[in-house]
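Presented below is the structure to which this report refers.
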Amino acid sequence: MEKCNCIVVFNIDKDKILFCKRVKNPYKGLYNFVGGKIETAENSINAAYRELQEETGILRSDIRLHRLMDITYYYQNFVLELFVGQLQDDIKLIEEINPILWLPLKEDFTDESRFAGEQNIAHIVNMALKYPLAQNASEILNSSSLCIGVDGCKGGWIAAVYDHGDLRIEKYNVIDAIIKRYPLFEDFLIDMVIGLPSNDAHIRPDTFARRLIPGRTSTIFAVPSRQAVYKNSKAEQIEVNKKALGKGLSKQTVAIISKIRELDSFLNSNSQYKNVIKESHPEVCFARLNGNVLMTKKTQFDGMNERIDILKKYIPELDGSIILTKAKELKCNADDIVDAICLAVTANLNYECKGETIPAEPMIDDNGLIMHMVIPADKNE
């Protein structure tokens, strides 16, 4: 089916709606919402922002669009995707072809002599007015930056790239490949150990992080010593870890040593990214974004949906079915994608000075890596 979109744009006071007066058929001479055709393989939300900018000059940074509903016209064989948003400020409009103007809500949108859509516009306006557009300022992401969140997965790494308001999910075999694709960024968080203890006097952020998620502390694995990370066999890793830190290693920790080694080696070989790429932890971040610890498990249906609902406060177009489809395409777990998106959101908030590091005064490991985690600022303070 062919796809088109229409965007309902409210002004700051939400007492006017932006319309264009069509100069061509269909609906020549009538008022309609701005919008247009969605290109083949074009992402819906990107298409909406593109059409809005082309027809009005309104940029992605000026407004946050929300998917309102879709209308399917089976006989005409096309789908109309409807979006709604409210401007955050007064801006100068730039016309493309159709004249554009603000019309007050008191207009009779059922008047077919003035408005397109066979009275559908009245219904769409009513639905748009009911959409909860009010948003906490702390939940608005910066759409003029590139922030990256990365989570380990089977066979590599999942990167959630929030690039000037556009979210992309990508899979890479190695960390180096992510950096080659995105050598410049505003912030980069990864769910992997950065900064390795060489003795039991080295204090990492794990203890501080566990205090923030009571009941879910098992999601934060014990960190191996630097000596253990560079041993090849499990037996050697456990032996040297006991000597360095006075304790063995869990199977969960042993399972991620190769990824810890990869990241540590990359940072020590690329000094320009040392202490620029930073460690984080999704469960701690979700607790901060939510305001409370999430007791559900991310691998279960309810837990996955709970985490997606939290992320949708920041990225409204996020959808569980899209994540599942992408996980199948990339051959990874859906929770790997959700965790990476969580870190991308946290990276964006941190870039906007809405994050914090734990501990506040971190130690530095023997290779100069700061041992801390970046997490969202506490909503309750």
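The values are calculated or read from the model by the stated rules, or taken from the named source; none is laboratory data. Here the structure is a predicted model, which means the values were calculated and not measured. Cβ sites come from the backbone with ideal geometry, for glycine too, and all protein chains shown count toward neighbours. Areas reflect the complete protein model, heavy atoms only, side chains present, ligands, DNA and RNA absent. Shrake-Rupley method; radii C 1.70, N 1.55, O 1.52, S 1.80 Å.
Filtering 332, 342, 353 for residues that are under 15 Å from residue 187 (Cα atoms) and in a loop (DSSP other than H, G, I, E, B) leaves a single hit, 353. When restricted to residues that are out of contact with any Cys (no Cβ under 9 Å at 6 or more places or on another chain), in contact (Cβ under 8 Å) with a residue 40 or more places away in the chain, part of a loop (DSSP other than H, G, I, E, B) and surrounded by 12 or more Cβ atoms within 10 Å (Cβ to Cβ), region 249-294 contains 7. For region 212-234, a residue qualifies if it is assigned to a helix (DSSP H, G or I) and either open to solvent by less than 70 Å² (accessible area, probe 1.4 Å) or in contact with a Cys (Cβ under 6 Å, 6 or more places away or on another chain) (or both), and the qualifying residues are 212, 217, 219, 226, 228, 229. Please enumerate the residues belonging to region 327-355 that are crowded, with 18+ Cβ neighbours inside 10 Å and of a type in the set (D, E, K, R). Result: 335, 336, 339, 354. Would you check if there is a residue in region 70-87 being open to solvent by 70 Å² or more (accessible area, probe 1.4 Å), on the phi < 0 side of the Ramachandran plot and either part of a helix (DSSP H, G or I) or in contact with a helix residue (DSSP H, G or I) (Cβ under 8 Å, 6 or more places away or on another chain) (or both)? Within region 70-87, not a single residue is open to solvent by 70 Å² or more (accessible area, probe 1.4 Å), on the phi < 0 side of the Ramachandran plot and either part of a helix (DSSP H, G or I) or in contact with a helix residue (DSSP H, G or I) (Cβ under 8 Å, 6 or more places away or on another chain) (or both).
Within region 297-322, the set of residues being without any contact (Cβ under 8 Å) to a residue 60 or more places away in the chain, β-branched (Val, Ile, Thr) and either under 19 Å from residue 375 (Cβ atoms) or in a helix (DSSP H, G or I) (or both) comprises 308, 310, 322. Looking at (1) open to solvent by 20 Å² or more (accessible area, probe 1.4 Å); (2) within 23 Å of residue 374 (Cβ to Cβ); (3) touching a helix residue (DSSP H, G or I) at 6+ places or on another chain (Cβ under 8 Å); (4) assigned to a helix (DSSP H, G or I), find the lone condition where residue 209 falls short. Looking at each condition in turn, residue 209 falls short on (1). The C-beta contact set for region 228-245 (first residue farther than 14 Å from residue 258 by Cα and of a type in the set (A, V, I, L, M, F, W, C), second residue in a loop (DSSP other than H, G, I, E, B) and open to solvent by 100 Å² or more (accessible area, probe 1.4 Å), distance under 8 angstrom, 6+ apart or interchain) comprises 244/200; 245/200.
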